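Quick notes on the structure that follows.
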Amino acid sequence: MPRDGTGPAPVIPNPIQIKYYGNSSAPACYAPDMDSETRFLPRTDADQLLERLRVSGFPRILGPVARDGSLVFSPIHQWSQLPAGIRDMQTPGTYRLHRHADPLCFAWANGPQALKPLTFAGRELLWRAERHHETAAPVFEHAEDTPEPTAVLGIRACDLAALALQEKHFTHGRFPDPFFGRRRRSLFLIAVHCSHPASTCFCASTGDGPTVTRGHDLVLAELDEGYLISAGSRGGRRLLKDMALPPATAAQVQWAERASARATAAQMRHLPGRHLKQPIHDRLEARHWSRVGERCLSCGNCTAVCPTCFCHMELDEPALSGHRTEHLRQWSSCFNAEHSYMGHFLVRSDTRLRYRQWLTHKLAGWHEQYGRSGCVGCGRCITWCPVGIDITAEVAALLAEEIHAQPS
């Protein structure tokens, strides 16, 4: 439904009638990695973490800040800049912030951003060519960016899982992307165990949250009186050792574990399995694609906020003088018409085909490319869809449709 809450809501099939495929059950809550190395950082002393990051070589610290009605990563200098008492209300097509009278800074699920803009730039220069004289040959120059060392505070487990998928695409292939690699190496990641998932979250069913288990340098669990903090990398262990914090108590660890269990149990949405490649490919001609195509606007919001989508286009921007041109890369989307242009026609000429391409690649094709689904359950595509299309409901409806024999 639209942002103002008017209009019809998408039809969500009765989950009792849905068949399940693969490992469909939500995972049991796995306990945070809270061992004897877990330390306690009092809320009143939280600024010392920021100071230690600066001393350790990270002059730029990004943290969640409430701005323009959403939570975004922005430079911070003091802990007081974090969104204390802020909660997010997310439903299909709706995102709202509201305030509570408590000191919690991370009692929300996510904003429209993930880590993707910090590693895969929305628009960037790849190379330029310049001709200095009319008769001279053009001189080509590669773009060389030097990212500033940056610490990022407030990352969730689903976004770390998405970063791991982006790393597989950009750095683990035959032709690693140097731009992505340099930005990724410049980041120090401070995660937070999610304790307040949104109604649109379903990371428990994809196995990517809400508890942080990998991909971080440090991880926090927020209590009323402060933070449990533990390390996930050598750099994180060095920084934590330098802070000389007291060990967490058994009661504090138990409280954090219970908060994680509650966050898992609170998630009502889920995908009907983690291995949906064959069931989806069996339904490429299903009638449901037309039904969702009638509602989808092909706006590309879902791909813009998705932390794993990486479609892009390359273009040249020549100077008016004709002596200089720049070759750029910028984000694109499989919902854009030109994305499927080949020679003289569009392969996917209507919204039905574009939505089918997005969903089948995300949930089926990625298994062949990266060994898992491309969805981490963050729910952003549901929240930021102007008409409130819910990927979990659409997959459930698709899989509920009977398979019809295809004409030979």
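What follows draws every value from the coordinates through simple rules; no lab data is involved. Treat the numbers as computed from the prediction; the structure is a model and nothing was measured. Every residue, glycine among them, receives a Cβ derived from its backbone with ideal geometry; neighbour counts consider all protein chains shown.
Here is how the numbers come out for the structure above:
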{"read-out": "Relative packing of peptides 81-87, 121-127 - highest average C-beta neighbours within 10 Å first", "value": "81-87, 121-127"}
{"read-out": "For peptides 322-328, 274-280, sequence by mean Cβ density within 10 Å, most packed first", "value": "274-280, 322-328"}
{"read-out": "Residue order, fewest to most beta carbons within 10 Å, for S80, S195, S70, S56", "value": "S80, S56, S70, S195"}
{"read-out": "Segment 157-214 versus segment 347-379: alpha-carbon centroid distance in Å", "value": "18"}
{"read-out": "Sequence-distant aspartates and glutamates (8 or more away, or on other chains) whose Cα lies within less than 15 Å of K241", "value": "D35, E37, E51, D217"}
{"read-out": "Segment 331-408: GluC sites (Glu not before Pro) falling in loop per DSSP and having at most 10 other Cβ within 10 Å", "value": "E402"}
{"read-out": "Fewest-first sequence of R291, R283 by Cβ atoms within 10 Å of each Cβ", "value": "R291, R283"}
{"read-out": "Cα principal axis extents for segment 64-114, largest first, Å", "value": "34, 24, 16"}
{"read-out": "Normalised contact order of the chain, rounded percent, pairs of Cα under 8 Å and 6 or more residues apart", "value": "25"}
{"read-out": "Label assignment, Cα extents along the principal axes in Å derived from the structure, set (1) 71, 67, 41; (2) 69, 54, 36; (3) 84, 84, 41", "value": "(1)"}
{"read-out": "Pairwise FRET efficiency - F345 versus E401, Cβ, R0 = 30 Å, nearest 0.05", "value": "0.55"}
{"read-out": "Among F140, S199, Q252 the positive-end extreme of the charge dipole of segment 39-265 (Cβ point charges)", "value": "Q252"}
